[in-house]
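This report concerns only the one structure given below.
The values are calculated or read from the model by the stated rules, or taken from the named source; none is laboratory data. Small disclaimer: the values here were computed from a predicted structure and weren't measured. All Cβ positions, glycine included, derive from the backbone under ideal geometry; neighbour counts span all protein chains shown.
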């Protein structure tokens, strides 16, 4: 497989992942962090890191809107719930180092 095709496939997979996460608003970021070690915010940070590495201007708010499909504050108001004590405890035990 050539690099261009691989990059196109990787981009398609990323878009599918983001669409899946957008449709699963019932899954909280803390749940993703506890189970997988990354969340929507991580994806948006990685997007900003990639833009920075290419010298492209992108704010944290812009990268989050790309991942969330709407301004982050709007997503939080619509979908984010207060984390339970169990979720917080699990997060503290498995807190990623990135």
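Just a few scattered comments:
- Here the range 79-93 is the region considered, the condition is being surrounded by 12 or more Cβ atoms within 10 Å (Cβ to Cβ) and either touching a residue at least 40 places away in the same chain (Cβ under 8 Å) or touching a helix residue (DSSP H, G or I) at 6+ places or on another chain (Cβ under 9 Å) (or both), and the residue that is farthest from residue 37 (Cα to Cα) is 79.
- Any hit, the range 78-92, residues being at pLDDT 95 or above and in a helix (DSSP H, G or I): yes
- Pairing residues of the range 52-78 that are on the phi > 0 side of the Ramachandran plot with residues that are modelled with pLDDT of 95 or more and part of a helix (DSSP H, G or I), at Cβ distances under 6 Å and at least 6 apart in sequence or on separate chains, gives 69/22.
- Residue within the range 35-44 that is exposed (fewer than 10 other Cβ atoms within 10 Å of the Cβ) and either over 14 Å from the mean Cα position of the chain (by Cα) or assigned to a helix (DSSP H, G or I) (or both) present: no
- Residues in the range 45-58 that are part of a loop (DSSP other than H, G, I, E, B) and touching a helix residue (DSSP H, G or I) at 6+ places or on another chain (Cβ under 8 Å) were compared, and the one that is surrounded by the fewest Cβ atoms within 10 Å (Cβ to Cβ) is 57.
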